[in-house]
Amino acid sequence: MRLSISPRLELFCLLLLTALLVGAGIGLRQPANVDEERFLGVALEMLQNGDWFIPHRAGEIYPDKPPLFMWMVALFTSITGLPRVALFLPALLAGLVATACLYDLGTRLWSRRIGVIASLLFLATYQTYSILRAGQIDGFLCLWIVLGLYGMVRHLLLGPAWGWFYLACAAMGFGIISKGVGFLPILMLIPYAYAARKGWSGVVRMPGQGRAWLLGLVVALAAIAVWLLPLVLTVVLHGDEASRAYVNEILLRQTAQRYASAWAHQEPFWYFFAKVIPKYWLPLVLALPWLIPAWRRQLLKHDGRVLVLLGWVVLVLLFFTLSSGKRKLYIYPALPGLVLVIAPLVPWLLRRWFAQRPLGRKIFTGLAVFWFVAWFARGFLEPIKEGANPHQSLMAEAAALTQGSDLVLTNWREGHWLFARQPIVHFGMGAPGQIYKAVEWLKGHPQASALIPAGELARCFNPEKARKIGDTSREEWFLVGADADNGQCHDSTAFKSYRFAWKTSPF
């Protein structure tokens, strides 16, 4: 069956569908979890303090992630003037680029029909909505992973195309300074090398090109240097102990050490296969009983396209499985490669399932349309159902009751800082003994108040002199002054405090 519309119109329709599905509800959504609150806050603090190479969180260095995602959020905030919109635009951009790249690769490797199917499979997968609708790094990481995948495929399977290979290397470099695993597309070289050596069809052999391959490493390092070089120069020339500790944390502890010996999100080796893939890769996993034998037959025919793409998906899964630290979003980078290797089998699957069952085909079409419509509707219904972030009303009431004086935070979350309407004082995110430090700080600043969680209140303060001002998902919060001190808590050790205030409230 010949397609009746032009490729440009076809791609435009797919991009419009992506914008509708991924962008549904933007403007209604606001930061709804600690990750979104943190990344938006860091981006806004960059805009306020002008420190672009070392991220800060309420005046304290934030050492967990490189800054590229926060740069993008800050850029979109400057363009739109709407932080609650800007937070979600990097992932929307990634979704649009992924759709276009998958369409183009499917078309070049197989046909326009397969390109359309690859894009639709990507948009139909549950994990796409779980990640691309969130204001988190992993949605933005998808942009660099897809560009890396695109450049590698154009070179290894459709090349030689060294320009596209260097684009892939640059994308991996930018991916690394978004989140350390941005190098994942390079793993495609492993199945490619095997296929090229064994003479499999569908791969391009490029002997005697050692210098050209090594230039890709130079390109990747140049992309990383966009952030790393100014950071190192700043720390060497003007750095203090805290900035030097940041370099060690971000380059070593949060990368290799975190992978080799994770201290959070520890899960067994079977976690992705038992708890993530069966749910988050719906509806793709429903076809696995037919896909696995079909892939085996294609591999027996020495189809290098299947070996390179499917081999890369397996290597990505293996990479994350070998680490003890696992989260459901970690394996999302494998999804574009997976849909690309599934797409050419979909016409065969539909014929196998429905050739003699026209009613079944109509039901399948109806379910597919319903699936997309439901995800579009959920984009608007979900933020309405969730309502306003509870930290917003909590901090507004705190500012009103204290008349905007300094507010000490203890056991705080990023939402307290993001939605603060007054100067805040804290002693470091996650620092021990915060309640004792708050008591000592209030003694020297009797005009200030402190925000204390219910579980800590009676330890150091008289509950009858405290005022409950609200709840969040984790705690009830009480406002106290220096007069509420019950005399039971003392901290004679020296401690560091941070004071921070938004020049203009983000919300």
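A few comments on the model shown:
- Which listed residue is within 17 Å of Tyr246 (Cα to Cα) and not small (Gly, Ala, Ser), from Phe88, Phe69, Phe53: Phe53
- Of all residue pairs spaced 6 or more apart or on separate chains, those with beta-carbon atoms under 6 Å, a first member in the range 455-466 that is under 14 Å from Leu442 (Cβ atoms) and a second member that is of a type in the set (Gly, Ala, Ser) and outside any loop (DSSP other than H, G, I, E, B) are Phe461/Ala484; Asn462/Ala484; Lys465/Ala484; Ala466/Ala484.
Residues checked against (1) in contact (Cβ under 8 Å) with a residue 60 or more places away in the chain; (2) acidic (Asp, Glu); (3) under 17 Å from Pro83 (Cβ atoms):
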{"site": "Gly25", "(1), (2), (3)": "yes, no, yes"}
{"site": "Gln30", "(1), (2), (3)": "yes, no, yes"}
{"site": "Arg38", "(1), (2), (3)": "yes, no, yes"}
{"site": "Val42", "(1), (2), (3)": "no, no, yes"}
{"site": "Leu47", "(1), (2), (3)": "no, no, yes"}
{"site": "Asp51", "(1), (2), (3)": "no, yes, no"}
{"site": "Ile54", "(1), (2), (3)": "yes, no, no"}
{"site": "Glu60", "(1), (2), (3)": "yes, yes, no"}
{"site": "Lys65", "(1), (2), (3)": "yes, no, no"}
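- Looking across the range 452-479 at every residue that is out of contact with any Pro (no Cβ under 9 Å at 6 or more places or on another chain) and assigned to a strand (DSSP E or B), the one that is farthest from Ala396 (Cα to Cα) is identified as Phe461.
- Flag if Thr472 is closer than 26 Å to Glu45 by Cα and modelled with pLDDT under 90: yes
- Only one of the numbered conditions (1) crowded, with 17+ Cβ neighbours inside 10 Å; (2) among the hydrophobic types (A, V, I, L, M, F, W, C); (3) in a helix (DSSP H, G or I) is violated by Ala32, and that is (3).
- Of all residues in the range 85-92, none satisfies being of a type in the set (Phe, Trp, Tyr) and closer than 18 Å to Phe500 by Cβ.
- Restricting attention to the range 101-145 and to residues that are among the aliphatic types (A, V, I, L, M) and under 23 Å from Ile177 (Cα atoms), the residue that is surrounded by the fewest Cβ atoms within 10 Å (Cβ to Cβ) turns out to be Ala134.
- The set of residues in the range 155-184 that are over 26 Å from the mean Cα position of the chain (by Cα), of a type outside the set (A, V, I, L, M) and outside any helix (DSSP H, G or I) comprises Gly159, Pro160.
The values are calculated or read from the model by the stated rules, or taken from the named source; none is laboratory data. All figures in this text were calculated on a predicted structure; none of them were measured in a lab. So basically every Cβ, Gly included, is an ideal-geometry build from the backbone, and we count neighbours across all protein chains shown.
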